[in-house]
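Below is one structure, written out as structure tokens; the observations come after it.
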Amino acid sequence: MYILLETFIDKISSISEEEHYHLHKICEVRSYGRYEKLNIEDQYEEYLHFITKGVIRKFCKKDEEDITIQLAQEGEIICADVTVFSDQPTRYQLETLEPTTTLSISKKRFLELYDKHPGIQRLSRKLLTLMLLKSEEYELEQVKYALRDRMARFLESQPQLINRVPQKILASYLNIQPETFSRLKTSLSAHKQNFEVNNNHPVI
Amino acid sequence: MPIRKSLHEIGDYIYNYLQRYMDVTREEVQFLIGFLELRSFNRKEKILNVGEVDQHLNMVIQGIVRKYIEVDGLDCTLQIAQEGHFIQSDRSFHEQSASEIVIEAVEKTTIISISHQQLQRLLASSDRWERLGTNILMLLLKHRESRIYKKRALSSREYFMHFLKHHPDIIQRVPQKYIASYLGVKPETFSRLKHLLKGKRLYKNNIS
């Protein structure tokens, strides 16, 4: 299973075989059912999760509502709080949306490795940079694309998630009202179907 | 606040700033300063234009800087940076690609910057700076995540109150339409909220 994480890491930054060995040693294989919270057990320890199977969402509660800020699936990483500057409790919770398996690494053990291996220091920096870029992209998406376009882009780029994530959560993630989400989904699917019919493609 | 013209004077400012978040020595800050440059901009001058590659990571030393994107002719403010805030086009800087966003000085501004080339040199100079560099990146990420959280989790009104509470002088220094855009409220809503606040005298009084 580590090979999946190894591939992921090698795309970001090359680390030595020895460093891979040490990383592998601190990976914990975890299995969760559906709608299981990840950080209940991790109350006093932060973990970074690499998903080998399943979907996890990152969310916070506001009054009675959930605000979903991130969705991650196979081959992606997710954590509740990425910074070591946490002087406050984590705002976010992590929850599985279907049966999920992860390779999880404790921040404490990772930092111990970090102290000894320059390759891992570089990897951290590059990982952080990726997260920084992703967060900038997120901010941009909110203003760059109108609701309908955000929805269309999502349907285009992550169609698998439509079937795996409850509609209410998807709507929150895209920052769209649930009713608007339903309406747009119907309208955009119909539009797509019409296009296919007109081009004599079989409608599945 | 007096305008700090020399990098040497900036040293204290940077030392005090970084010390809040990480263990760094004065000698290390002195070393860092060798990689930095001070840049000044006039009001409304562009620090980065669409299509340009962002060559700098910046921190505002004095003044106010705005980051925005134009969507269908509409100006959408992404960030308003005051003293002590970082501001750049991350994607453009890290990928060395053409920027989609614009960065401009809202008032006469001095920023301290590190160029892409100098940053690589700094990070390669020692393990220690590889790590400190990572810590600073984490700071950037923390600030942005904080912004994203507030924008999603707070109502417009709550965000407005929170924002003004933490930036009491911002209304005098930044055109209202930009603040409204940043908070994600219509200008009319912004005016209404402002008058509500005025009634409650919750912010300092220099407003006409």
Electrostatic dipole magnitude of chain A [Cβ: Lys, Arg +1; Asp, Glu -1; Cα centre; debye, to 20]: 460
Dipole moment magnitude, nearest 20 debye, chain B about Cα centre, only Lys, Arg, Asp, Glu C-beta charged: 1240
Distance histogram for segment A:1-154 (every C-alpha pair counted, 5 angstrom bins, percent rounded to whole numbers): 2, 8, 16, 21, 21, 17, 10, 5, 2, 0
17 Å Cα-Cα reach of residue B:165 towards aspartates and glutamates, excluding residues that sit fewer than 8 places from it in its own chain: B:83
Estimated D of the protein assembly as shown in µm² per second, where Rh is the Kirkwood radius over Cα pairs and Stokes-Einstein applies at 25 °C, 0.890 mPa s: 104
Per DSSP, loop GluC sites (Glu not before Pro) in segment A:1-68 with at most 13 further Cβ within 10 Å: A:41, A:45, A:64
15 Å cut-off, amide nitrogen to a point 7 angstrom out along residue B:100 Cα→Cβ, residues in segment B:56-94: B:68-79, B:89-94
Straight-distance crosslink candidates among aspartates and glutamates, where the alpha carbon sits under 19 Å from residue A:11 and sequence neighbours closer than 8 are dropped: A:19, A:74, A:76, B:95
Of B:71, B:115, B:96, farthest towards positive along the dipole that unit charges on Lys, Arg, Asp, Glu beta carbons give segment B:48-118: B:115
Full-extension gain in nm, residue A:17 to residue A:160, via 0.36 nm per residue minus C-alpha separation: 48.1 nm
Dipole of segment A:115-186, positive end: most advanced residue of A:165, A:177, A:154 [Cβ charges, Cα centre]: A:165
Radius 10 Å from Cβ of residue A:15, net charge of other residues (Lys, Arg +1; Asp, Glu -1): -4
Simple spin-label estimate for residue A:66 and residue A:34 in nanometres, 7 Å along Cα-Cβ: 1.2
Computed label-point distance, nm, for sites residue B:16 and residue A:53 using a 7 Å Cα→Cβ extension: 5.7
Relative contact order computed over segment B:56-208 (Cα-Cα under 8 Å; 6+ residues apart), in percent: 23
Long pairs among A:62/A:185; A:61/B:44; B:44/B:150; A:134/A:185, criterion Cα-Cα beyond 32 Å: A:61/B:44
Distance (nanometres) between label positions extended 7 Å along Cα→Cβ at residue A:4 and residue A:24: 1.7
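Where a number appears in this text, it was derived from the coordinates with a stated rule and is not lab data. Bear in mind that the values here come from a model prediction, so they are computed numbers and not experimental data. No Cβ is skipped: glycine too gets one built from the backbone with ideal geometry, and neighbour counts run over all protein chains shown.
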